[in-house]
Amino acid sequence: MFATIARFELRYQFRNPVFWVATIMFFLLTLGWTSVESIRPVGGNIHTNAATGIAQVMLTMSMFFMFVTTAFVGNVVVRDDETGFGSIIRSTKVGKLPYLFGRFTGAFLGAAVAFLAVPLALWLGTYMPWVNPELIGPNRLQDYAFAYFVIALPNILITSAIFFAVASWTRSVTYSYLAVIVSMFAYFALTAMMRKMPDVSLAAYFEPFGSVAYGLGVRYLTPIQQNTQALELTGMLASHRLLWIAISIAIVAFVVWRFSFAARGASKRSAKRDAAHQQKLSAVKPALVDRLPANIPERGAWHQLVTRTRFEMKLVFKSPAFWVLALVGSINLMLTLMLAGRMYDVPIWPRTYAIIDTVRGGSTLITLLMAIYFSGEVVWRERERRISEIVDATPLPNWVFLVSKLAGVVGVLVALSVLAVLLQAVAYQFVRGVTDIELGQWLMWFVIPSALYVVHLSVLAIVAQAVSPNKFVGWGIMLLYLISTVVFAGLGLDHPLINYAEAPMPLSEMNGNDYMGATAWWLSAYWTAFAAVLVVIGHLMWRRGTAVTLGGQWRTLPLRLRGAPLAYLSVALAVTVGIGALLFYNMNIVNTRFDEDEMEAHTAQYEKDYAKYLDQPEPVLKDVKLNVDLRPTKRWVQFDGEYRFANETDKPIELLHVRMGVPDSMAHVETMNVPGAKLIKEDVNNLHKIYRFDRPLQPGASGTLTFRTVMAQRGLKSLPSNKQYWEIDVQPAKNGAYLTNLGFAPALGMSRGNFLQGSNLRKKYGLPPETPTPSLDDKRAVMRSYAGVDRVNTDVTVATDADQTLIVTGEEVSNKVVGNRRIARFVSPIPTLNFITIQSGRYAVKSIDVDGVKLSVYYHPEHPMNVDRMLSVTKDTLRYYQKNWGPYQYKYFRVIERPDYQGTANSAPGTVGYSERFGFTGDFRNPKDVDYLAFVTAHEFGHQYWFHQVMPGDVEGAEVLTETPSQYGGIMVMKKRYGQDGMRRFLQYEQSDYLQGRRRETAEERPLALVKKQNYIHYYKGSLVMYLLQDRLGEDRVNAALRSVIDRYRFKPAPFARSVDYVNAIMAITRTPAERELVKDLFYRITLYDLRAKSATVRKLPNGQYETTITVYGGKVYADGKGNEKAAPFAEPLDIGVFSANPADLAFGSENVLSMKRVPIRSGEQKVRFVTKQKPAFAGVDSYLTYIDRNVNDNVVAVATGS
């Protein structure tokens, strides 16, 4: 009987249109996802059909497949009652075990077969003619089989069991779909909470889809390993899969056990409520009237609209689904508020602007899903309850039904996604200690924009149902819309005019919504008009009666498009087109908006046209004089500049190259003159000009360039399509203007930094795979500075509004107020790198004097929270650097806040700029949190030495002389403030970031000393390398080596420093062959360690002390640039210790260290013994994570009691 029923159910599923729609839809989605390069599931050089790529596709698609799974298993029980066969089946001898289990098995197999479309599409996608063959590897059947049977099939079983149980319990397919939404957000909540768990390996078992258990096994695989290795069924993944398969079987068994063929009667509570309702109705006496009211259809329609709207909202508010989704939304919002926006797991202060940004992002998905769900419910309610013929016969126009249902959904979503979110977010602010709630900002930045967003989504969802043959197709249409919001961005289709309902509004507490506020309101108006078009279409497509079909409605649509509908549609279309044309003109013509392909093509062409000029002699910029007229309230600024340049080579110079950093629409060049030279080429696309001197500029001779540029708010602009690099430097804002000469002023000479990055992109445009970074031995390249700018004397005079403070690169020599204008002059005390920043805002300032240097923090008056911390860190940093690295070059150091949308932090001469959320509003009240503010402040201060004093040449390894020592300085300042115990968590972040970076490498990983603009190497590996060196060689010795480099190259002109100079200085302080070998391992090789505490046992000695025996393992491998590894002998002294608490715990401190000693360890296992007065609980090797180890979780082990 079981087999018969299962076969019947499977045949039914194969005949069901849902099966074929789901199969085709997931086939096409997978084919597009895996064959279109810009959105493929893996990046860099990882093959699309690598084992990890296949597994990632299967994992992701199996989670989205839950929307389809419920269509297969949700109606296996309900279907019989809906079709009237339930009573017949209940009268037969069929048992509930073969009936239910057979039905479930058939439906599950149907879903499993439908999902085969995913691996099939992935396999076929590798043969598509448009696919880049270099991104495709060999198709191995075992990779597809592993991903399908180990990852996808168990996930389909899990979701099938859950939704089958919900449908059997509720006898409702609708509640199964509700369970899909709840499951999705439960999954998001679970994974979000898991990030805070100290032991992720244990937490992995709580996540049902296996993404964590799988991810832990592949997270550090290099591209070559992913491309060549098959996936292993690790112990964790195998046990996870078996656990959740068992849970799924248990769920199905429980459903079968509890199931009853008997029709479910009303509960006592429901019966009592129904009886009370009937009694209330019977007590109402009929009203007697002398005369019937006048028959005015228009008045009746409006009355019915109000009545039906209340009715629709009341039904939704009373439904269990509403309260379930309200609870889900509330939990989702609370987790978002608690976890979003963290850096190094440190929260931000819940200022209103930051919380609005957080809740807008955190509530978008739940709002969309609720709109999808409730629209299906309200549109199809009458048909599902079989009263549609009665309702359709009422003398009301179609628009009453459409608008009342739309208003009902809007009212519900406003209550849930706007008002409830507002109350919860404000309560969160109060709990976190913020009492200045700023309700006006909540109203203008959240309530109104969110209400409009709700209206737009509701219209789309309702109309999708109106033009669909049934509720599930309408839901499917909206699901495709949801997917398109992700896919379009990957395809570069991210123009605001084609992203429905999107009206982005970046916020800043310093500058409000000044950046894009006007554009956002116009976009809202545009989408409102477009929504009106959809409403008219929905009205015309609304079906009433059983004889009216969807096809018939489409065929007769032109006939019904007349009168009022035609007038409304015409007006709505005219407004949509008008506002759209206005926005397009402003975004694409008045302002420059490049799409990704355009920018790539221009950049590639730039290299092809101008790379030949790189090694030609060029003038050196010597003096820069600027007069700046800044009008913050108008968002307008004018720059009048004069450059003096000189020929410091021994050859005549014929050409002068001049580059602008931003398009003319952002910094309009009004005039540019080079006396004694003629413009011979102007490249508008690449912002490049070439002047030819009338007479070649002779050695020792000089020339001038004068210019006037204007930057202004020009109409309505959009967010950059691809985060165009110039955006952060062109903000003449009303408050907190941040302007740099990289944007407003021309640059002289050629720069390799303007070339196209990324091996795959370079191949696409016919360029060599790697950006041609010169080698260490390139004598011509070492004559060019890495920064591409010269050391200049600067003289900058700026005028701004009188109520604003000016901070400009250089030393302030005058500052006065004339009328309503403040005029200040800043002059560089010494020649500095030509990186000029101009900031103007209504700042508060706090300063201290430390050893003759004035340390100042300029901050928004509402953000004093971390000012004292910044000053304290800056003081410690200054003293540490001057003691260990030499004198600081200025009498001032300034930290300046700028609006939040302008990046994170950077270092100009004597100045560091921070965005407000990055440093000024971090919440460091928990003393156990990682003080990233201390690290970043010290890092940026470090650039005053390693960049502004020591400049590397334009050769490989240059970042080792800029970023790596700055990372080291930041770490050492942190260590001085918080001790070694406070460094473990930070180092673990650095380890993970480096190892994850190896996985995403697009070319080849290079040794640290030969790095080529690879952030994960010179930042994160650089941190780990320098921390290990100071631990092994000694902090004073390492600092002495760095000091020797500074002394040798301080302000030195060409030839500039190289990474080999840095490494040689460290090599010079080594004392033993082992130390020299360590330096080579860290700088000239890609070295990975494998350190483990395999076991630890303790026994009590007769004298009352405890003897602990630890079995440790040491190993080392060398990797090449592709990730191929070769074992190497390991011989290092390692810190091994016993502890009363786990070093990974946040509360761990030096008092928990019972004993620690440095022990020489060689390859393989060794035993180490400790005798302590206190019984240890944990033992470990390299417990403070100084070595680069791919699995730091096995460095510490719990101590077991031995005999």
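Taking the centroid of alpha carbons for each part, region 379-458 and region 1124-1203 are 57 Å apart.
What FRET efficiency would be calculated for the residue pair ALA1040, TYR765, taking the C-beta separation as r and a Förster radius of 35 Å, to the nearest 0.05? Can you show the working numbers first?
Values: r = 47 Å, r/R0 = 1.34.
Working from the Cβ atoms, E equals 0.15.
Name the trypsin sites (Lys or Arg not before Pro) in region 981-1078 that are in a loop by DSSP and that have at most 13 other C-beta atoms within 10 Å, would you?
Values: sites: ARG984, ARG985, ARG998, ARG999, ARG1000, LYS1012, LYS1013, LYS1021, ARG1032, ARG1037, ARG1043, ARG1048, ARG1050, ARG1058, ARG1071, ARG1076; in loops: ARG1000, LYS1012, LYS1013, ARG1050, ARG1058, ARG1071.
Answer in residue order: ARG1071.
Taking packing as the residue-averaged number of other Cβ atoms within 10 angstrom, the listed peptides 1163-1170, 632-639 run from highest to lowest as 632-639, 1163-1170. Out of the DSSP beta bridges found with both residues in region 1086-1203, what percent are antiparallel (nearest 5)? Here the antiparallel bridges make up roughly 95 percent for region 1086-1203.
Longer than 26 Å from Cα to Cα, which of LYS717/LYS1012; LYS1100/LYS1157; LYS314/LYS471 are they? Say none if no pair is.
Numbers: LYS717/LYS1012 35 Å; LYS1100/LYS1157 21 Å; LYS314/LYS471 21 Å.
The pairs that break the limit, which is 26 Å between Cα atoms, are LYS717/LYS1012.
At full extension, ARG780 and LYS1094 could sit 107.8 nm farther apart than now, given 0.36 nm per residue minus the alpha carbon distance.
Across region 13-21, coupling constants 3J(HN,Hα) worked out from phi with the 6.51/-1.76/1.60 Karplus curve, θ = phi - 60°, read 5, 5, 7, 6, x, 4, 4, 6, 4 Hz, and Gly and Pro carry x.
Between ARG544 and VAL306, what length in nm is gained on full extension when 0.36 nm per residue of separation is reduced by their alpha carbon distance?
Details: separation 238, 0.36 × 238 = 85.68 nm, distance 2.03 nm.
Result for the pair: 83.6 nm of gain on full extension.
Candidate cross-link partners of LYS1173 among the aspartates and glutamates, defined by an alpha-carbon separation under 14 Å and a same-chain spacing of 8 or more, comprise GLU1107, GLU1151. Working note: Karplus 6.51/-1.76/1.60 with θ = phi - 60° gives region 1033-1047 the couplings 8, x, 4, 5, 5, 5, 5, 5, 5, 5, 4, 5, 5, 4, 4 Hz, where Gly and Pro are set to x.
Backbone amide hydrogens, once placed in the peptide plane, bring PHE594 within less than 5 Å of SER721, excluding anything fewer than 5 places away on its chain. Exposure proxy shown here: for VAL1171, VAL182, the number of other Cβ atoms within 10 Å sets the order, fewest to most, as VAL1171, VAL182. Here's the picture: charge each Lys and Arg Cβ at +1 and each Asp and Glu Cβ at -1 in region 299-543, and of PHE472, PRO506, ALA371 the one pushed furthest to the positive end of that dipole is PHE472.
Couplings 3J(HN,Hα) for region 1064-1069, derived from phi with the Karplus relation 6.51 cos²θ - 1.76 cosθ + 1.60 (θ = phi - 60°), are 4, 5, 6, 4, 5, 9 Hz, where x marks Gly and Pro. Between SER702 and LEU124, the modelled label-to-label distance comes to 7.1 nm, taking each label 7 Å out from Cα in the direction of the beta carbon.
With neighbours defined as other Cβ atoms within 10 Å of a residue's Cβ, the residues TRP522, TRP885, TRP323 order from fewest to most as TRP323, TRP522, TRP885. In terms of the mean number of neighbouring beta-carbon atoms within 10 Å, the peptides 156-169, 206-219 order highest first as 156-169, 206-219.
Relative to the present Cα-Cα distance, how much length would full extension add between GLN882 and GLU596 at 0.36 nm per residue of separation? If you can, show how the numbers build up before the last one.
On the way: separation 286, 0.36 × 286 = 102.96 nm, distance 4.52 nm.
Working it through step by step, the gained length comes to 98.4 nm.
Counting only alpha carbon atoms, the long axis of helix 352-384 and the longest principal axis of the chain meet at about 20°. Considering only DSSP beta bridges whose two residues both sit in the chain, what percent are antiparallel, to the nearest 5? Taking every DSSP beta bridge within the chain, about 85 percent pair in antiparallel fashion.
Collect residues whose amide H, placed 1.01 Å from N in the peptide plane, falls under 5 Å from the amide H of SER1155; neighbours closer than 5 in sequence don't count. Here the answer is VAL1138, since their amide H atoms fall under 5 Å of that of SER1155.
Each part gets one Cα centre, and for region 578-612 versus region 309-330 those centres are 47 Å apart.
Per-residue ellipticity at 222 nm from helix content only, as computed over the chain with -39500 (n - 2.57) for each DSSP H run of at least four residues, stands at -14000 deg cm²/dmol.
Here's the list of lysines a cross-link from LYS1013 could span, going by alpha-carbon distance under 24 Å and ignoring same-chain residues fewer than 8 apart: LYS608, LYS612, LYS723, LYS763, LYS764, LYS779, LYS1021, LYS1052, LYS1080, LYS1122.
Counting other beta carbons within 10 Å of each Cβ, put LYS846, LYS816, LYS1116 in order, fewest first. Could the numbers behind the result be given before it?
Numbers: LYS846 15, LYS816 10, LYS1116 18.
Least crowded to most crowded, the residues run LYS816, LYS846, LYS1116.
Counting only alpha carbon atoms, the long axis of helix 963-978 and the longest principal axis of the chain meet at about 80°. Taking amide H atoms as placed 1.01 Å from N in the peptide plane, the amide H of ALA733 lies under 5 Å from those of TYR738, each 5 or more residues away in sequence or on another chain. If the cut-off is a Cα-Cα distance under 17 Å, which lysines reach LYS928, setting aside same-chain residues fewer than 8 apart in sequence? Reachable lysines: LYS196, LYS975, LYS976. Label separation (ALA393 vs TYR585): 5.6 nm, computed from points 7 Å beyond Cα along the C-beta direction.
Compared with the dominant principal axis of the Cα atoms in the chain, helix 320-339 is inclined by about 10°.
No value in this document is a laboratory result; all are computed from the given coordinates. Owing to the predicted nature of the structure, the values given are computational and were not obtained by experimental measurement. Cβ coordinates were reconstructed from backbone atoms using ideal geometry, including for glycine residues, and neighbour counts include every protein chain displayed.
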